[in-house]
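The values are calculated or read from the model by the stated rules, or taken from the named source; none is laboratory data. Fair warning: this is a prediction, and the values are worked out from it, not measured in the lab. We place every Cβ from the backbone using ideal geometry, glycine too, and count neighbours over all the protein chains shown.
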Amino acid sequence: MDLSYSPDEQAFQTQVRQFLADDLPQDIAEKVRLDTDLTKDDMERWHAILNNRGWLAQNWPQEYGGAEWSAVQRHIYDTEAADANAPRIVPFGLSMLGPVLQKFGSKDQQDHWLPRILDGTDWWCQGYSEPGAGSDLASLKTKAVRDGDHYIVNGQKTWTTLGQFANMIFCLVRTDPDAKQQEGISFLLIDMETPGVEVRPIILLDGTHEVNEVWFTDVKVPVENLVGEENKGWTYAKYLLTHERTGLGGVGFSQAGLKAVKRIAKAANHNGKPLIQNPHFAARVAQVEIDLHAMATTNLRIISQAAAGEAPGLEASMLKVKGSIIRQEINDLARRAVGPYAMPFASEAVEGANDRIPDPLDAGPVAGQYFNNRKLSIFGGSNEIQRGIIAKVTMSGGA
Amino acid sequence: MDFNLTEERQMLQDTLRRYLREQYGTARRNDILASDTGFSADIWAELADLGVLGALFTEDMGGFGGAGFDIAVVFEELGRAGVVEPILDSALLGGRLLAAAGKTDFVEQVIGGALHLAVAHGEPDGRYDLDHVNTTATDGKLTGRKAVVMNAEAADHMIVSAKDGDTIALYLVDKGAQGLDIQGYPLLAGGRAAEVTLDNTPGDPLGLTLEDYEAANRLALIAQCAEALGAMETATALTKDYLMTRKQFGRPIGTFQALAHRMSDLLIELEQARSAVINAAGYIEDKHADMHLSASKNLIGRIGRLVAEEAIQMHGGIAMTQEYELAHIAKRIVMADHRFGDTDYHLERFIALSAA
Ligand SMILES: Cc1cc2nc3c(=O)[nH]c(=O)nc-3n(C[C@H](O)[C@H](O)[C@H](O)COP(=O)(O)OP(=O)(O)OC[C@H]3O[C@@H](n4cnc5c(N)ncnc54)[C@H](O)[C@@H]3O)c2cc1C
Ligand SMILES: Cc1cc2nc3c(=O)[nH]c(=O)nc-3n(C[C@H](O)[C@H](O)[C@H](O)COP(=O)(O)OP(=O)(O)OC[C@H]3O[C@@H](n4cnc5c(N)ncnc54)[C@H](O)[C@@H]3O)c2cc1C
């Protein structure tokens with residue numbers, strides 16, 4: 001047992017820290033620190049800077065232009081990036097579609113799409129969920145009918161994160177209506193500029209516009225855009241989901257969040273003393289910090305076990321459940337810390353909202369974040385679904 | 001022992017519930033939420049016509065209620081419907097302070113729905129402490145800054161606390177008074193508030209002290225607890241309906257025990273919350289009133305968080321959308337904890353008071 005980083009890993013950490021200090025634009029970092037929504041341009045700018053350094057596709061093999069980092073390296077980056085208030089890397093192209101294309105895509109698809117993910121030509125979004133198909137993803141109804149060298153797609157996707165910025169969407173579609181639920185599904189890449197695609201915003205409870213509905217009406221998609229085999233999409237979808245779930249422990253985000261809570265609680269006055277000295281508040285902070293400390297180690301244990309490239313299954317579910325609970329608890333502490341200043345509606349996304357509340361704690365919209373992050377235990381397979389997986393795996397004997 | 005409402009209160013409850021069910025649906029509320037004023041003058045006037053505002057005042061103040069249970073009945077219904085009109089701050093807190101000051105003509109106008117008030121007591125670094133006042137009063141001129149003042153922009157008059165020497169006293173400040181600056185903003189759970197600065201602003205002394213403020217604040221605590229209870233009832237009811245109708249994996253999700261048991265827990269906790277509100281209203285005249293109020297506010301804060309978070313979780317994504325009723329209700333519930341002292345504040349106060 002050795003809990004410290006190896007000399008190589010330490011050197012890597014120094015490198016990452018230096019890069020972030022030199023190259024992370026301060027205006028972007030400031031927005032992240034204050035939980036202000038990033039614009040498309042902010043995100044693209046940051047992707048380009050990372051790509052320049054060769055650090056955008058951190059988990060891709062080098063043959064595809066990736067950094068091929070070890071799990072520990074990725075963890076180091078995540079922690080340092082969160083600490084420096086770097087934006088998260090938009091995951092849809094890089095950590096979801098990329099691995100699927102590398103494993104199941106044709107050579108042509110790889111040659112065409114992968115470089116475009118790296119250089120920012122394409123912005124991808126994920127078209128899995130539908131109004132009637134959330135946890136029960138396999139009940140999806142959007143259908144694609146083969147017509148010569150095209151599919152004709154009709155249906156509706158929902159909850160499409162950042163779909164308003166995307167020009168491409170990877171979708172699960174039903175290609176065989178007669179097959180058993182999971183067997184008639186295909187994995188299709190759809191250009192969102194094709195006639196018949198319509199994106200409608202959904203405003204979330206904190207006023208942010210991050211998700212959308214996407215409607216397809218007789219959308220023509222070339223058959224080259226089918227990934228793998230027709231009706232085998234479920235396999236690819238599941239592969240993608242295990243990738244989606246790694247990193248959802250969000251240790252870096254939690255660490256940054258905890259720092260913010262402490263910063264606010266030091267500045268906030270409670271009975272003439274800093275709130276951080278209040279025994280009840282301090283106890284709550286300490287408890288979540290203790291949880292997080294253990295979680296960070298759980299996370300390291302799991303990633304150091306994970307065979308290169310393969311995403312862990314059961315462990316990913318555990319990380320997701322625990323990680324989301326911890327992050328949500330930290331959000332709760334942040335909103336408590338600001339006291340009455342939790343009440344202002346600080347979303348920039350809503351028309352008519354004022355610029356910044358004149359708030360002495362400079363805490364940003366922490367209550368909005370508290371509400372927004374209720375999503376962490378809902379999306380990507382809800383915590384109930386994850387617990388179901390853990391129970392099923394452990395009690396059927398296998399792991 | 002009798003846990004039934006009196007006939008009058010039952011009537012008040014029925015009338016108000018029916019009115020709000022008919023007039024304050026999701027669409028109407030969403031329009032009000034999106035409006036510049038953050039509240040509807042029409043709804044306000046109609047509530048006054050229904051006698052809802054009068055129920056917050058005793059007969060000698062010109063009303064026909066004013067007891068803890070009258071306040072609880074009204075605010076539970078307002079909470080149930082997710083009403084964003086600042087009746088708590090403007091009519092109850094402001095109105096009862098003016099009643100305490102003997103301003104009968106003003107109170108009459110409040111009850112009639114014609115007069116809007118704001119109470120500017122909290123300050124930027126005061127959190128929930130009632131005795132934290134740095135605003136000063138010198139020869140009737142007020143100087144200082146007040147934080148998150150509800151309804152400041154719409155108010156005709158503002159009641160401002162300030163320190164005159166060592167004593168905290170309350171003053172009436174007119175809208176448009178010299179040196180009064182109001183920076184308004186919308187609130188996450190609806191309605192509007194403002195940061196208010198006073199710079200040598202003339203204020204009319206009301207002859208009220210911090211003790212009077214504390215007395216009115218007790219009523220506000222009952223109201224806030226009851227409002228949160230009403231909102232929790234709605235959140236629970238919406239969730240129950242959703243669990244029975246939303247199907248995944250070919251069956252209603254409420255048939256999954258993982259959710260069914262949690263729904264049962266919510267129902268159990270909801271009964272606890274109801275009892276807490278009854279305690280708050282029933283012990284208002286008791287010598288241990290503050291202890292009971294703190295107990296209630298703490299419990300409501302804890303159960304409120306549970307109900308809001310569980311209701312959202314069990315709904316899945318749909319609950320996260322701004323226009324869905326539950327999103328609004330959940331925000332009302334959680335934000336109630338940021339008013340008149342939060343869960344921790346009242347836990348500490350309970351410890352102090354119950355040890356005494
Ligand atoms: C902010 C946000 C962003 C999202 N981004 C995307 C995206 O980019 N692309 C995309 O495709 N999707 C996205 N999603 C959709 C997300 O994956 C779904 O919301 C999620 O799968 C849950 O589905 P649902 O919302 O329909 O809830 P439901 O499936 O209806 O679930 C409702 C409740 O029932 C519970 N439940 C359901 N089945 C069971 C069971 N068998 N046992 C116990 N409990 C059960 C759930 O856990 C939940 O508590 C996003 C969602 C949100 C909120
Ligand atoms: C101190 C003590 C005194 C008692 N006194 C008496 C007595 O005087 N007379 C008498 O007749 N009996 C008595 N009992 C027995 C008592 O009623 C049983 O223990 C009880 O009914 C539970 O049964 P069990 O212990 O067999 O547990 P089980 O029924 O085997 O349950 C084991 C676990 O599974 C859970 N479980 C079972 N079914 C479900 C389900 N459908 N859904 C979810 N979870 C489920 C249970 O809640 C429990 O957690 C006593 C028990 C104790 C411990």
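Does B:Ala336 count as within 16 Å of ligand 1 (Cβ to nearest atom), within 12 Å of another protein chain (Cβ to nearest Cβ) and under 20 Å from the mean Cα position of the chain (by Cα)?
The answer is no for B:Ala336.
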(message) Quick test for you: out of B:Ala226, B:Ala237, B:Ala216, B:Ala231, pick the one residue that is part of a helix (DSSP H, G or I), away from ligand 1 (no atom under 16 Å from the Cβ) and within 14 Å of B:Ser296 (Cα to Cα).
(response) B:Ala226
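Scan the stretch A:265-274 and tell me whether some residue there is more than 13 Å from chain B (Cβ to nearest Cβ), assigned to a helix (DSSP H, G or I), surrounded by fewer than 18 Cβ atoms within 10 Å (Cβ to Cβ) and at negative phi.
Start the filter on the stretch A:265-274 by keeping residues that are more than 13 Å from chain B (Cβ to nearest Cβ), which leaves none.
No, every residue in the stretch A:265-274 fails to be more than 13 Å from chain B (Cβ to nearest Cβ), assigned to a helix (DSSP H, G or I), surrounded by fewer than 18 Cβ atoms within 10 Å (Cβ to Cβ) and at negative phi.
Results for (1) hydroxyl-bearing (Ser, Thr, Tyr); (2) assigned by TED's automatic domain parsing to the domain that holds A:Pro365; (3) out of contact with any helix residue (DSSP H, G or I) (no Cβ under 8 Å at 6 or more places or on another chain); (4) away from ligand 1 (no atom under 13 Å from the Cβ), shown as yes or no for each residue.
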position	(1), (2), (3), (4)
A:His150	no, no, no, yes
A:Gly163	no, no, yes, no
A:Val197	no, no, yes, yes
A:Leu205	no, no, no, no
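Of the residues B:Gly62, B:Gly38, only one is closer than 19 Å to B:Arg339 by Cα and small (Gly, Ala, Ser); which? Talk me through it step by step, then tell me what you get.
Values: B:Gly62 fails: closer than 19 Å to B:Arg339 by Cα.
Of B:Gly62, B:Gly38, the one residue that is closer than 19 Å to B:Arg339 by Cα and small (Gly, Ala, Ser) is B:Gly38.
Do any strands (runs of 3 or more DSSP E) lying entirely in the stretch B:71-164 carry at least 2 residues that are surrounded by fewer than 24 Cβ atoms within 10 Å (Cβ to Cβ), and which ones are they? Give the derivation first.
Details: elements: B:117-120, B:136-138, B:141-150, B:157-164.
So the answer is B:136-138, B:141-150, B:157-164.
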(message) Please determine whether any residue of the stretch A:145-153 is on the phi < 0 side of the Ramachandran plot and in a helix (DSSP H, G or I).
(response) no
(message) Restricting to the stretch A:139-180, give me the number of residues that are more than 14 Å from chain B (Cβ to nearest Cβ) and at pLDDT below 95.
(response) 3
(request) Can you confirm whether the stretch B:307-326 contains a residue that is within 18 Å of B:Ile351 (Cβ to Cβ) and either within 10 Å of chain A (Cβ to nearest Cβ) or not β-branched (Val, Ile, Thr) (or both)? (result) no
(request) Go through the stretch B:41-70 and give me each residue that's hydroxyl-bearing (Ser, Thr, Tyr) and either modelled with pLDDT under 95 or crowded, with 21+ Cβ neighbours inside 10 Å (or both). (result) none
(request) Sort out which residues of the stretch B:292-325 are charged (D, E, K, R) and either farther than 22 Å from B:Lys247 by Cβ or surrounded by 22 or more Cβ atoms within 10 Å (Cβ to Cβ) (or both), and write them in order of number. (result) B:Lys297, B:Arg302, B:Arg305, B:Glu309, B:Glu323
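What residue, among those in the stretch B:289-306 that are out of contact with any Leu (no Cβ under 8 Å at 6 or more places or on another chain) and more than 20 Å from A:Gly339 (Cβ to Cβ), is farthest from the other protein chains (Cβ to nearest Cβ)? Walk me through how you get there before you give the answer.
From the stretch B:289-306, those out of contact with any Leu (no Cβ under 8 Å at 6 or more places or on another chain) are B:289, B:292, B:295, B:299, B:301-302, B:304-305; that's our starting set.
Subset that is more than 20 Å from A:Gly339 (Cβ to Cβ): B:289, B:292, B:295.
Numbers: B:Ala289: 22, B:His292: 20, B:Ala295: 16 Å.
Applying the filter and picking the extreme gives B:Ala289.
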(message) Here are the criteria: (1) within 16 Å of ligand 1 (Cβ to nearest atom); (2) modelled with pLDDT under 90; (3) at the interface with chain B (Cβ under 8 Å from one of its Cβ atoms). Tell me which single one A:Arg387 does not satisfy.
(response) (2)
(request) Just name the residue that is nearest to B:Glu348 (Cα to Cα) out of those in the stretch B:125-141 that are aliphatic (A, V, I, L, M) and within 14 Å of chain A (Cβ to nearest Cβ). (result) B:Leu130
(request) Any residue in the stretch B:292-321 that's small (Gly, Ala, Ser): show its pairings with residues that are within 11 Å of ligand 1 (Cβ to nearest atom) and part of a helix (DSSP H, G or I) at Cβ separation under 6 Å, as long as the two are six or more apart or on different chains. (result) B:Ala311/B:Thr239; B:Ala319/B:Ile312
(request) With the checklist (1) more than 16 Å from ligand 1 (Cβ to nearest atom); (2) at negative phi in hand, flag the one item A:Gln156 doesn't pass. (result) (1)
(request) From the list A:Val72, A:Val90, pick out the single residue that is buried (at least 16 other Cβ atoms within 10 Å of the Cβ), at negative phi and touching a Leu at 6+ places or on another chain (Cβ under 7 Å). (result) A:Val90
(request) Among the numbered conditions (1) in contact (Cβ under 8 Å) with a residue 60 or more places away in the chain; (2) outside the structural domain of B:Ile268 (by TED's automatic domain parsing), tell me where B:Leu229 comes up short. (result) (2)
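For the stretch A:364-381, give me each residue that is in a loop (DSSP other than H, G, I, E, B), touching a Phe, Trp or Tyr at 6+ places or on another chain (Cβ under 9 Å) and away from ligand 1 (no atom under 13 Å from the Cβ).
Initially, the stretch A:364-381 is screened for residues in a loop (DSSP other than H, G, I, E, B), giving A:364-365, A:378-381.
Retained after the next criterion (residues that are touching a Phe, Trp or Tyr at 6+ places or on another chain (Cβ under 9 Å)): A:365, A:379.
Across the stretch A:364-381, the qualifying residue is only A:Pro365.
Each row is one residue, and each column tells you yes or no for (1) in a strand (DSSP E or B); (2) out of contact with any strand residue (DSSP E or B) (no Cβ under 9 Å at 6 or more places or on another chain).
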site	(1), (2)
A:Ile169	yes, no
A:Thr194	no, no
A:Arg200	yes, no
A:Thr208	no, yes
(message) What's the total number of residues in the stretch A:364-378 that are closer than 10 Å to A:Thr208 by Cβ and modelled with pLDDT under 95?
(response) 3
(message) For A:Asn167, only one of the following conditions fails: (1) more than 10 Å from ligand 1 (Cβ to nearest atom); (2) within 19 Å of the chain's Cα centre (by Cα); (3) over 15 Å from A:Leu94 (Cβ atoms); (4) surrounded by 19 or more Cβ atoms within 10 Å (Cβ to Cβ). What is its number?
(response) (4)
(request) Could you please give the count of residues in the stretch A:181-196 that are buried (at least 18 other Cβ atoms within 10 Å of the Cβ) and either within 14 Å of another protein chain (Cβ to nearest Cβ) or not aromatic (Phe, Trp, Tyr) (or both)? (result) 7
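Across the stretch B:240-249, what is the number of residues that are near ligand 1 (Cβ under 10 Å from one of its atoms) and surrounded by fewer than 16 Cβ atoms within 10 Å (Cβ to Cβ)? Step through it out loud before you land on a result.
Going through the stretch B:240-249, the residues near ligand 1 (Cβ under 10 Å from one of its atoms) turn out to be B:242-243, B:246-249.
Filter again for surrounded by fewer than 16 Cβ atoms within 10 Å (Cβ to Cβ), leaving B:247, B:249.
Final tally of qualifying residues: 2.
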